[in-house]
Amino acid sequence: FSTKGFAKSPKGELACRTRHKGDGEQNMADRTVFILGASRGIGLGLVEEFLARGWGVVASERSHGDDLHALECDALRILTCDVTDPDSYADLGLDAGELDTIIINAGIGGARHQDAMQATTEDVAEIMMTNAFGPARAAKTLLPTVKDGGTLAVMSSQLGSIADSSGGFELYRTSKAALNMLAKGISVQLAEPRGIGVIALHPGWVQTDMGGPQATLTVAESVKGIADVIEGAGAESAFRYLDYSGKTLPF
Ligand code: NDP
């Protein structure tokens, strides 16, 4: 894992130091994850969790994330990209087959993005581009950087399950159902032939800017579960829709 040009900070040193668990454990440089959309919330929590587990982490931010930069250390590389702007991730400087795992976490879900009758055409375009087509395009562009047998995960939601849906949050649900469909297509067409497993993840209801303070899970609880799911993903290359505890969700 290249460390050229990466600054360090006290918090980052601490996050990285917790990786060294003793002899016989896997070396940090052995596994690398790219987390797209890591400035705050679940994405930021995933950066911290994977660093603590000894992974090399490439993290991208759209806008400057102070808390992400506070984690700077040798094992963390920070890039900038916007999931709705293909030019911003066309050349991130990643090598073919460099990554074990990509997690496309970026997403939105504000009040403007709930009611199909009240949302403007621009609101609809924004949520569909940010939550569905942007992640799918980024996944297709970045797939060559995942090694054969690796994992591509997209941050979906249980609210995208048509089988589970009980109404409300119409646009958000639709965007995540579309993301599931697009991810399944990527799995069948591009990923399965290379043994890459595609997973649509539900992180639980999480205390973030999006989830709100009343959510049932802390970021730490959610990202621990997600990292367990990723580490346990194994060689399964069939498309999966899993929650943070590893439970299979219905489409
Ligand atoms: P937050 O609102 O706390 O964080 C969203 C993250 O996505 C930020 O880092 C934000 O960057 C980034 N982002 C938004 N738009 C873009 C973009 N166009 N390009 C790149 N990055 C972008 O949300 P959460 O952490 O709660 O959610 C993370 C993911 O989990 C989302 O996909 C969400 O839909 C999903 N999810 C969350 C649940 C919850 O309960 N919290 C439940 C189910 C799913 P910036 O700081 O620049 O805005």
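The values are calculated or read from the model by the stated rules, or taken from the named source; none is laboratory data. All figures in this text were calculated on a predicted structure; none of them were measured in a lab. So basically every Cβ, Gly included, is an ideal-geometry build from the backbone, and we count neighbours across all protein chains shown.
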**Item:** Residues that are more than 20 Å from Tyr89 (Cα to Cα), hydrophobic (A, V, I, L, M, F, W, C) and in contact with a helix residue (DSSP H, G or I) (Cβ under 8 Å, 6 or more places away or on another chain), drawn from the stretch 143-180
**Value:** Leu159, Ile162, Phe169, Leu171, Ala177, Ala178
**Request:** Take Ala163 and decide whether it is out of contact with any Asp or Glu (no Cβ under 9 Å at 6 or more places or on another chain), in a helix (DSSP H, G or I) and either aliphatic (A, V, I, L, M) or within 16 Å of the ligand (Cβ to nearest atom) (or both).
**Result:** no
**Prompt:** If you go through the stretch 234-251, how many residues are without any contact (Cβ under 8 Å) to a residue 24 or more places away in the chain and either surrounded by 20 or more Cβ atoms within 10 Å (Cβ to Cβ) or touching a Phe, Trp or Tyr at 6+ places or on another chain (Cβ under 7 Å) (or both)?
**Reply:** 1
**Prompt:** Within the group Gly195, Gly167, which residue is at pLDDT 95 or above and surrounded by fewer than 17 Cβ atoms within 10 Å (Cβ to Cβ)?
**Reply:** Gly195
**Prompt:** Ser161: closer than 19 Å to Tyr244 by Cα, modelled with pLDDT under 95 and not β-branched (Val, Ile, Thr), yes or no?
**Reply:** no
**Request:** Test Asp87 against the criterion of being free of Cβ contacts under 8 Å to residues at least 24 places away in the same chain, farther than 27 Å from Lys224 by Cβ and within 14 Å of the ligand (Cβ to nearest atom), and give yes or no.
**Result:** yes
**Asked** Which residues, taken from the stretch 117-160, are within 16 Å of the ligand (Cβ to nearest atom), surrounded by fewer than 24 Cβ atoms within 10 Å (Cβ to Cβ) and hydroxyl-bearing (Ser, Thr, Tyr)?
**Response** Thr130, Thr141
**Prompt:** Hey, among the residues in the stretch 97-116 that are polar (S, T, N, Q) and part of a loop (DSSP other than H, G, I, E, B), which one's surrounded by the most Cβ atoms within 10 Å (Cβ to Cβ)?
**Reply:** Asn105
**Message:** Contact list please: Cβ distance under 8 Å, first residue in the stretch 57-68 and within 10 Å of the ligand (Cβ to nearest atom), second residue among the acidic types (Asp, Glu), pairs at least six apart or on different chains.
**Reply:** Arg62/Asp82; Leu68/Glu61
**Fill in**
Out of (1) away from the ligand (no atom under 16 Å from the Cβ); (2) of a type in the set (Gly, Ala, Ser); (3) assigned to a loop (DSSP other than H, G, I, E, B); (4) within 19 Å of Leu46 (Cβ to Cβ), the one Gly204 does not meet is (1)
**Complete:** Here the residues within the stretch 169-190 that are within 14 Å of the ligand (Cβ to nearest atom) and not hydrophobic (A, V, I, L, M, F, W, C) are Tyr172, Arg173, Thr174, Ser175, Lys176, Asn180
**Prompt:** Only one residue in Leu92, Leu76 is surrounded by 21 or more Cβ atoms within 10 Å (Cβ to Cβ), aliphatic (A, V, I, L, M) and in contact (Cβ under 8 Å) with a residue 24 or more places away in the chain, so which one is that?
**Reply:** Leu76
